[in-house]
1. Quickly run through region 52-76 and pick out the residues that are in a strand (DSSP E or B) and aliphatic (A, V, I, L, M).
2. May I ask you to list the residues in region 67-85 that are over 11 Å from Ile37 (Cβ atoms), at pLDDT 75 or above and of a type in the set (A, V, I, L, M)?
3. Among the residues of region 1-51 satisfying the criterion of being under 15 Å from Gln78 (Cβ atoms) and assigned to a loop (DSSP other than H, G, I, E, B), which is modelled with the highest pLDDT?
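The values are calculated or read from the model by the stated rules, or taken from the named source; none is laboratory data. If you're wondering where the values come from, they're calculated on a predicted model, not measured in any experiment. When we count neighbours, we look across all protein chains shown, and the Cβ atoms used for this are built from the backbone with ideal geometry, even at glycine.
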Amino acid sequence: MDNKLKVEDHHKLILLDREQLEVSGVQGVVNFDDQEIVVETNRGVLKITGSELHIKHLDLEAGKMEVEGLFAALEYTQSPGAKGRGLFGRLFR
């Protein structure tokens, strides 16, 4: 059995000068506006905050996204596989 991760299983963030961000392992965009982008990745839900945020490129088939703007924070809000753990998931445990 091969212990190497498949390319689509990798998750990588490349931040350049707090103005350009490349993300791999993207599975979907939950919501976005010019101050916040929330994406589901194969390693959890990633919340990107800043100003003048713009999704420059999105390819869900390849799992890649490029974002431009001024980044203030990158935060993981859920662990991988934690689907259904929103407000109702927490209320009805």
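1. Leu53, Ile55, Leu58, Met65, Val67, Leu70, Ala72, Ala73, Leu74
2. Those that are over 11 Å from Ile37 (Cβ atoms), at pLDDT 75 or above and of a type in the set (A, V, I, L, M): Leu70, Ala72, Ala73.
3. So, considering only residues that are under 15 Å from Gln78 (Cβ atoms) and assigned to a loop (DSSP other than H, G, I, E, B), the one modelled with the highest pLDDT is Gly25.
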